[in-house]
Every structure is written in C-alpha cells, then in structure tokens.
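Contents: one structure, followed by commentary.
The values are calculated or read from the model by the stated rules, or taken from the named source; none is laboratory data. For clarity, every value in this text was computed on a predicted model and none was experimentally measured. Virtual Cβ from ideal backbone geometry, glycine too; neighbours counted across all protein chains shown. SASA here: full protein model, heavy atoms, side chains in, ligands and nucleic acids out. Shrake-Rupley method; radii C 1.70, N 1.55, O 1.52, S 1.80 Å.
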Amino acid sequence: AQKVTQAQTEISVVEKEDVTLDCVYETRDTTYYLFWYKQPPSGELVFLIRRNSFDEQNEISGRYSWNFQKSTSSFNFTITASQVVDSAVYFCALSDLLSGGYNKLIFGAGTRLAVHP
Amino acid sequence: EAQVTQNPRYLITVTGKKLTVTCSQNMNHEYMSWYRQDPGLGLRQIYYSMNVEVTDKGDVPEGYKVSRKEKRNFPLILESPSPNQTSLYFCASSSPGRVHNEQYFGPGTRLTVT
C-alpha cells in the first residue's frame with residue numbers, strides 16, 4: 001500500500017545548524033509525485049516543492065535542498081544554516097494513481113522542527 | 001487572487017450538535033477534497049468530489065457527510081459530532097488530470113468537540 005514515513009517526530013537544533021528531515025515512501029506506481037509542505041505555528045500549509053518520479057535531480061532553493069533517491073525510496077529535505085523562522089511542522093507527501101489519483105495526497109506523520117536561538 | 005476559503009476558522013461545539021464547515025474556491029476547479037490532521041497521523045483524506053454532484057469517500061469518512069451542489073462550494077457536514085472528531089480540517093481544490101496539478105489548500109478549521 002502507498003505509504004509515507006517520516007521517522008523523526010521532533011528535531012531540535014540551534015540556529016545556524018544544518019538539519020535534514022527524512023522521508024521514505026512506498027508505492028507500486030512507476031509514475032508518482034512527491035511533495036514537501038511546511039506548517040508554521042499559524043497552521044496553514046505552505047507548499048515547498050513537488051517532484052515527479054522521472055526527475056531525480058536534486059534541487060536547491062536558497063537554504064533549502066532536496067535529495068530524491070529512487071533506489072532507496074527517499075526524498076529528504078535539508079535546511080542549511082537553520083533560522084528560528086524555520087521552526088514548523090514539515091510534511092512529506094506522495095500522490096500516485098493507485099492510491100486514489102493524482103489529486104489525492106498521502107501524507108507522512110510530519111516532523112516538528114524547533115530551531116532555538 | 002486564487003484561493004480556497006474555509007469558515008469558520010475556529011469552532012468549539014458540544015457532542016451531537018450538527019455543524020457545517022464551508023469551503024469555497026474561486027479557481028473553477030473540478031476536484032475538491034477534505035482532510036483532517038491529527039498528531040502523529042499527518043493529514044488524511046475524508047471525502048472528495050470530482051465534480052458537481054459527484055462525491056466519494058476518502059480514507060476516513062465515518063461521521064462525515066459532504067455535498068457538491070455548486071462547483072465552487074464543498075461543505076463538510078458533521079451531523080452528530082463526537083470528541084474524536086476534534087481535529088484540524090483542511091479543504092483543498094485542484095484540476096483533475098493525467099498528471100498532478102497544483103493543489104490549493106484552505107487555511108484550516110480548528111474544531112473542538114466537547
């Protein structure tokens with residue numbers, strides 16, 4: 001069954017440290033999409049990135065980078081030089097045809113990141 | 001501005017008192033859905049709708065109803081709320097297709113049932 005695992009429930013770092021949030025997914029589909037969302041304390045969901053299964057290039061956006069490895073079914077997210085504003089819950093998610101169509105997202109449990117000054 | 005709106009944003013109610021959470025989108029999206037978010041479980045889909053008058057169960061539909069009489073609106077109905085429905089609810093909309101199209105989420109509704 002389609003599944004997303006975020007094994008890290010909570011991570012606590014000091015400002016300026018680098019931090020990696022892990023995401024492991026399971027799917028039988030060959031075409032699928034992976035996502036990261038940020039949920040700040042205010043509660044809304046902020047879209048960060050979408051990758052499709054045919055694009056394994058790593059991506060960097062400012063202090064954020066994503067490492068997609070199909071061989072290990074992982075889509076990890078790294079924040080470089082973390083800041084207090086990065087404190088949030090981060091969700092990894094998957095969509096494919098078998099789990100209900102590309103419009104449905106299967107979310108991981110989330111990782112709560114606390115960045116301390 | 002493209003957006004999904006939800007009302008109310010916060011609601012405290014008592015067991016058994018029927019309530020409706022509204023969801024509206026201004027992007028002419030065919031697909032709309034509801035998710036609930038619970039600690040340690042992430043977000044899970046409750047119901048979805050592929051178009052007007054077409055709705056179907058998601059992964060956790062028990063205790064909920066929905067309707068889709070207009071394309072822009074997709075209300076979530078709790079006819080007899082119970083404490084285990086205390087949660088953070090998100091409405092989402094997108095265009096269906098053979099690829100993933102961008103999904104827009106509402107701001108969330110925090111519901112407490114006592």
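Go through the range A:8-20 and give me each residue that's among the acidic types (Asp, Glu) and either open to solvent by less than 30 Å² (accessible area, probe 1.4 Å) or part of a strand (DSSP E or B) (or both). Residue satisfying the conditions is A:Glu10 alone.
Among the residues of the range A:21-52, write down those that are open to solvent by 60 Å² or more (accessible area, probe 1.4 Å), within 26 Å of B:Gln6 (Cα to Cα) and in a strand (DSSP E or B). Of everything in the range A:21-52, those that are open to solvent by 60 Å² or more (accessible area, probe 1.4 Å), within 26 Å of B:Gln6 (Cα to Cα) and in a strand (DSSP E or B) turn out to be A:Phe47, A:Arg50.
Give the residue that is farthest from the other protein chains (Cβ to nearest Cβ), with candidates limited to residues of the range B:99-114 that are at pLDDT 95 or above and surrounded by fewer than 15 Cβ atoms within 10 Å (Cβ to Cβ). Restricting to residues being at pLDDT 95 or above and surrounded by fewer than 15 Cβ atoms within 10 Å (Cβ to Cβ), the top hit is B:Thr114. Give the residues of the range A:12-25 that are within 14 Å of the chain's Cα centre (by Cα) and either free of Cβ contacts under 8 Å to residues at least 12 places away in the same chain or over 18 Å from B:Gln103 (Cβ atoms) (or both), sorted by residue number. Passing the criteria: A:Val19, A:Thr20, A:Leu21, A:Asp22, A:Val24. Go through the range A:28-74 residue by residue and tally those that are within 12 Å of chain B (Cβ to nearest Cβ) and either of a type in the set (Ser, Thr, Tyr) or touching a helix residue (DSSP H, G or I) at 6+ places or on another chain (Cβ under 6 Å) (or both). Number of matching residues: 6. Return the residue satisfying two criteria in turn: it lies in the range B:61-98 and is of a type outside the set (Gly, Ala, Ser), within 14 Å of chain A (Cβ to nearest Cβ) and open to solvent by 30 Å² or more (accessible area, probe 1.4 Å), and of such residues it is nearest to B:Thr22 (Cα to Cα). Among those residues, the one meeting the criterion is B:Pro96.
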